[in-house]
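Please read the structure below before turning to the comments.
Please treat every number below as a calculation from the coordinates, not as lab data. Bear in mind that the values here come from a model prediction, so they are computed numbers and not experimental data. Every residue, glycine as well, gets a Cβ built from its backbone with ideal geometry; the counts of neighbours run over all protein chains shown.
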Amino acid sequence: MQQANFVGWKSRWTFILAATGSAVGLGNIWKFPYITGEYGGGAFVLVYLACILLVGIPVMMAEISIGRFGRTDPIHSTVRGAQDAKTTTAWSLIGFMGVLAGLMILMFYSVVAGWALDYVWQSATGAYSNLQATAIEENFEALASDNTRQLAWHTLFIILTGSVVAVGVIRGIGTVVDVLMPLLFVLLLVLLGYSWANGDFEAGLNFMFRFDFSKLTAEAVLTALGHAFFTLSLGMGAIMAYGAYMPENSSVAKTTLVIALLDTVIALVAGMAIFPLVFANGLEAGQGAGLMFATLPVAFSSMPGGVIFSTIFFLLVSIAALSSSISLIEPGVAWLERQGVQRVWSALVFSLIGWAGGAACIYLPGVFDSLDFATTNIMLPLGGLLIAIFVGWIMRRNTVRKQLRDTGELMFNSWYVVTRFIAPAGVIAVFLYQLGLLQKLGWI
Ligand code: TRP
């Protein structure tokens, strides 16, 4: 009895922990603040929040439902959903595109995670303590222009990712997310407190929450939508793969809301910790991918106990990145495992491809940004669009209803309408807007 209870408790939490671990990562702490800075703040944040609510949450429920119905890897789960609806199994294309997207994301994600690892080392050795803000900015530039150093940390991060996936994602993830993610959140709150006391908090909040729609370009809207997918790990099957492990008696809707809320709060807190430092120190909000590494060390370098504190912080960021990166290749590895390929081998092959792509990001100009744009702004929204259409229009309504059986009739119907109409229409509209077609059609 004791034993059974324990197993039950563990499996009940496994999905939530794994999915939260996948969602919370560099997307929240590194990417969200930096793109918010690039696209001018407030209005971008508002569009991003709207995308989470109207597209991200419904699509996450759809992904989990497919995964839990199929109880296997994303490719085979979509095949099962299609077979159940007696329609073409070509819908498994969603899964194949996702495997590719995951690999492509891993390539640049691992380079950034490498930066975080480098900052663990720098923090521990006090490399930037007592430096002025401008020197700290230059300190990041030094890393970004040192290819060998970046390659070394990127290599280490790929080895870590590959090793966890080789052992099995679901087995090892529990304690990591269970203990370390709350700790990361606490440290973010401490940073927030520091920014509130020492930064230009008002200017920071104004920047993030004053909505100036004149700054909002079509590309900003597309980036906000893309980031909603990126930060929740949607559109490529990661959450579908984890959904296969979700117990029948867990609530898809409630779990989704918890994950989306945690993920959003962490991103907002990271932004609110970073921007007051930007304005208090005369730094550039739109400086790009180095934003987090040029700002947070400013706080660490002047706070008591900064060396220990910053070492732990960057270590936790690296671990958050690891619990995300493993979900980037898990769908592909799980798929190959079902084809009879041993986990160790497929993890190795995926790691090698990811490693080579990361090296290309480091050595060849333009590769990093192209991979980011192609995945975040095109492949993930496209994958999400197909997932919404698949669940909303292709899978049998009864099959889907069964996955959401604990959800009341009104809630289910609202979700169903959003998934069938609003989410797909939203993604298509943003694509057309980016292509300039909405203007040509005279719709806007
Ligand atoms: N969500 C993660 C982050 O915010 C990144 C990530 C992990 C991801 N798995 C994913 C993004 C799958 C898109 C798809 O850092």
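Computed quantities for the displayed model
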{"read-out": "Cα-centre dipole for region 98-242 with unit charges at Cβ (Lys and Arg positive, Asp and Glu negative), debye to 20", "value": "460"}
{"read-out": "Kirkwood hydrodynamic radius (C-alpha pairs) into Stokes-Einstein, the chain, 37 °C and 0.692 mPa s, D in µm²/s", "value": "149"}
{"read-out": "In Å, descending, principal axis extents of the Cα set of region 340-444", "value": "52, 48, 19"}
{"read-out": "Cα gyration tensor category, rounded, prolate or oblate, for region 187-230 with a/c compared to 1.5", "value": "oblate"}
{"read-out": "Rounded to 10°, Cα long-axis angle of helix 252-280 versus longest principal axis of the chain", "value": "20"}
{"read-out": "The chain, relative contact order in percent, only Cα pairs under 8 angstrom and at least six apart counted", "value": "36"}
{"read-out": "Computed [θ] at 222 nm, helices only, for the chain once each DSSP H run of length n ≥ 4 contributes -39500 (n - 2.57)", "value": "-23500 deg cm²/dmol"}
{"read-out": "Footprinting exposure proxy for T407, T256, T125 (fewest neighbouring C-beta atoms within 10 Å first)", "value": "T125, T407, T256"}
{"read-out": "Region 130-258: equivalent-ellipsoid semi-axes (sqrt of 5 x gyration tensor eigenvalues, Cα, Å)", "value": "32, 25, 19"}
{"read-out": "For region 217-313, projected area of the alpha-carbon convex hull averaged over all directions, nm²", "value": "9.0"}
{"read-out": "Listed peptides 200-207, 327-334 by packing density, highest first (mean Cβ within 10 Å)", "value": "327-334, 200-207"}
{"read-out": "Region 30-82: radius of gyration over Cα atoms, expressed as a fraction of 2.2 N^0.38 Å", "value": "1.61"}
{"read-out": "Packing-based order for 14-21, 350-357, using average beta carbon neighbours within 10 Å, highest first", "value": "14-21, 350-357"}
{"read-out": "Rounded tilt (10° steps) of 93-124 against the dominant C-alpha axis of the chain", "value": "20"}
{"read-out": "Region 285-388 - Rg (one decimal) and Dmax (whole number), Cα, Å", "value": "18.1, 54"}
{"read-out": "Mean Cβ count within 10 Å, highest first, over the residues of peptides 137-148, 94-105", "value": "94-105, 137-148"}
{"read-out": "Dipole moment magnitude, nearest 20 debye, the chain about Cα centre, only Lys, Arg, Asp, Glu C-beta charged", "value": "1760"}
